[in-house]
Amino acid sequence: MTANPGNTASEQMLALVLKTLEEDKAEDVVVISLNGKSQIADNMVVCSGRSTRQVSAISEKLADKLKQEMGVFSKIEGKGQGDWVLIDGGDVIVHVFRPEVREFYQLEKMWMEPGAADAAT
């Protein structure tokens with residue numbers, strides 16, 4: 001899934017996000033292109049951590065990587081509880097869930113193309 005053509009900063013941010021999530025053992029990583037759907041960001045990434053501690057650690061490390069490597073100061077919501085953390089990096093928005101909370105909200109199903117949600121399950 002690619003961002004807007006010529007938007008290399010967005011593509012670089014997405015690549016950094018995916019690399020960091022892989023390093024931190026995030027599970028069930030899904031990338032949703034928001035092009036043509038919303039102007040809030042180019043991409044949304046949804047993933048899971050196995051525990052509140054892992055969810056918090058994944059989100060903290062990701063925000064730090066975005067700051068250190070791209071100079072992006074992300075807005076973070078929900079880190080205190082560790083059930084669902086939102087990291088807003090501007091071009092890329094990341095949702096890190098505990099699996100039970102992710103299943104309850106089914107956020108990615110709202111944003112995926114019709115029929116794609118069935119294929120993702």
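Values in this text are rule-based calculations from the coordinates and carry no lab data. The model shown is predicted, which means the values in this text are computed figures rather than measured ones. Glycine gets a Cβ as well: all are built from the backbone with ideal geometry, and neighbour counts include every protein chain shown.
Among VAL45, LEU107, HIS95, which residue has its Cα positioned farthest towards the positive end of the charge dipole of the chain, with +1 placed on the Cβ of Lys and Arg, -1 on the Cβ of Asp and Glu, and the dipole taken about the Cα centre? Highest projection toward the positive end goes to HIS95. Site pair TRP111 and GLN81 shows an inter-label distance of 1.9 nm when each label is modelled 7 Å from Cα along Cα→Cβ.
Which residues make up the longest stretch of the chain clear of trypsin sites (Lys or Arg not before Pro) that lie in a DSSP loop with no more than 14 other Cβ atoms within 10 Å, not counting the sites? Answer from the scan: 51-121. If you model the stretch 9-113 as an ellipsoid using its alpha carbon gyration tensor, with each semi-axis the square root of five times an eigenvalue, the axes come out at 19, 17, 11 Å, biggest first.
The slack in the chain from GLN68 to ASP88, taken as 0.36 nm per residue of separation less the alpha-carbon distance, amounts to 5.7 nm.
When Lys and Arg each count +1 and Asp and Glu each count -1, what net charge do the other residues less than 11 Å away from SER10, Cβ to Cβ, add up to?
Net of charged neighbours comes to -3.
Neighbours of ASP42, meaning other residues whose beta-carbon lies under 15 angstrom from its beta-carbon, give a summed charge of -2 when Lys and Arg score +1 and Asp and Glu score -1. Note on ASN35 and ARG50: their simple-model spin labels are 3.6 nm apart, each label 7 Å out from Cα toward Cβ.
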